[in-house]
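*Asks:* Quick one: the structure is below, and I'll ask about it shortly.
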Amino acid sequence: MRLEAEVASLCASLGRNPQEITIVAVSKNRGVGEVREVLAAGISDIGENRVQEALLKYNELRTMNHELRTIKWHMVGHLQSNKVKDAVRIFDLIQSVDSLRLAEEIDKQAARINKIQDVMIEVKTSEEATKFGIAPDKTFELVNKIQQLKNIKISGLMTIAPLAEDPQEGRPYFRRLRDLLEEMNELRAMSYEPRTLSMGMSDDYRVAIEEGANMLRIGRAIFE
Ligand SMILES: *Cc1c(COP(=O)(O)O)cnc(C)c1O
């Protein structure tokens, strides 16, 4: 895949190990056929932004006898409380947790099925553009409270940079997220050190990698 080659060559120039970067193929608005193509090309992480749509593809792949265990499903869009039950059932990682209320509902549903739900905290690193996400200065407080829930594990932070003509404009937001995670770990905000920085999309993943991203969420650059 062209994208993987690009990520590898960029990593080489930065002295980073490409193996530490997970590419999540965001397949929203794409059919199951296209999802199967990227799986066949070696991608194992699939991202969706709506629970309903993800569920359809999940079920369709299951009826095709696709080896579902080999797929890691990521929820990357805003999650409503009434969809949490289904989300917890199918997603390996929910990247968009931005409130205690949502975390509590996830915890409750995960407890019901004896699951420890892996999540990330979505941080609103910019004033404009994104509607969702917790403010950077409120992140520690949220993380502290979520840490007390038994059926949730926080594996890192996620952010969406504002839409921009020039991908370089995303840099300060990516840097902000990286600094926040470093600060969290330095201050031992949690009993372990979450490591995942989910940042960078089709237009700005190069800049995100330069700023330390180790999880990319890519739609168009894979499917178009
Ligand atoms: C759609 C989407 C992406 C991928 O966007 P592209 O620009 O197509 O790469 C990444 N993250 C989220 C949250 C999305 O909704």
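*Asks:* Taking only pairs six or more apart or across chains, which ones have beta-carbon atoms under 7 Å, a first residue in region 20-39 that is within 14 Å of residue 61 (Cβ to Cβ), and a second residue that is more than 16 Å from the ligand (Cβ to nearest atom) and acidic (Asp, Glu)?
*Replies:* 32/60
*Asks:* Would you call residue 32 aliphatic (A, V, I, L, M), away from the ligand (no atom under 16 Å from the Cβ) and surrounded by 13 or more Cβ atoms within 10 Å (Cβ to Cβ)?
*Replies:* Answer is yes for this residue.
*Asks:* Quick one: which helices (runs of 4 or more DSSP H) sit completely within region 1-110 and have at least 3 residues that are in contact with an Asp or Glu (Cβ under 7 Å, 6 or more places away or on another chain)?
*Replies:* 51-63
*Asks:* So, in region 143-165, of the ones that are within 16 Å of the ligand (Cβ to nearest atom) and in a loop (DSSP other than H, G, I, E, B), which residue ends up surrounded by the most Cβ atoms within 10 Å (Cβ to Cβ)? Reasoning before the result, please.
*Replies:* Going through region 143-165, the residues within 16 Å of the ligand (Cβ to nearest atom) turn out to be 156-165.
Subset that is in a loop (DSSP other than H, G, I, E, B): 159-165.
Numbers: 159: 28, 160: 25, 161: 25, 162: 13, 163: 13, 164: 15, 165: 7.
Going through the qualifying residues, I end up with 159.
*Asks:* I'd like to verify a number: residues in region 166-198 that are under 15 Å from the mean Cα position of the chain (by Cα), assigned to a helix (DSSP H, G or I) and surrounded by fewer than 17 Cβ atoms within 10 Å (Cβ to Cβ), how many?
*Replies:* 0
*Asks:* Let me ask something additional. Kindly indicate whether any position in region 111-123 is touching a Pro at 6+ places or on another chain (Cβ under 9 Å), in contact (Cβ under 8 Å) with a residue 40 or more places away in the chain and buried (at least 20 other Cβ atoms within 10 Å of the Cβ).
*Replies:* So far as region 111-123 goes, yes, one or more of its residues are touching a Pro at 6+ places or on another chain (Cβ under 9 Å), in contact (Cβ under 8 Å) with a residue 40 or more places away in the chain and buried (at least 20 other Cβ atoms within 10 Å of the Cβ).
*Asks:* When you scan region 94-108, how many residues do you find that are within 16 Å of the ligand (Cβ to nearest atom) and among the small types (Gly, Ala, Ser)?
*Replies:* 1
*Asks:* Tell me which of these residue 128 doesn't satisfy, since it passes every other one: (1) at pLDDT below 95; (2) over 21 Å from residue 78 (Cβ atoms); (3) away from the ligand (no atom under 14 Å from the Cβ); (4) of a type outside the set (Lys, Arg).
*Replies:* (2)
*Asks:* Which one of these is within 15 Å of the ligand (Cβ to nearest atom) and within 24 Å of residue 19 (Cβ to Cβ): 123, 119?
*Replies:* So the residue among 123, 119 that is within 15 Å of the ligand (Cβ to nearest atom) and within 24 Å of residue 19 (Cβ to Cβ) is 119.
*Asks:* Among the listed residues 44, 27, identify the single one that is buried (at least 18 other Cβ atoms within 10 Å of the Cβ) and among the small types (Gly, Ala, Ser).
*Replies:* So the residue among 44, 27 that is buried (at least 18 other Cβ atoms within 10 Å of the Cβ) and among the small types (Gly, Ala, Ser) is 27.
*Asks:* Let me ask another. Where residues in region 176-224 are of a type in the set (A, V, I, L, M) and modelled with pLDDT under 95, which of them is nearest to the ligand (Cβ to nearest atom)?
*Replies:* Filtering region 176-224 down to residues of a type in the set (A, V, I, L, M) leaves 177, 180-181, 184, 187, 189-190, 197, 199, 201, 207-209, 213, 215-216, 218, 221-222.
Now drop any that are not modelled with pLDDT under 95, which leaves 184, 187, 189-190.
Details: 184: 21, 187: 28, 189: 24, 190: 24 Å.
The extreme case among them is 184.
The values are calculated or read from the model by the stated rules, or taken from the named source; none is laboratory data. The shown structure was predicted, so the numbers you read here are calculated from the model rather than taken from an experiment. Ideal geometry is used to build each Cβ from the backbone, glycine not excepted, and the neighbour counts take in all protein chains shown.
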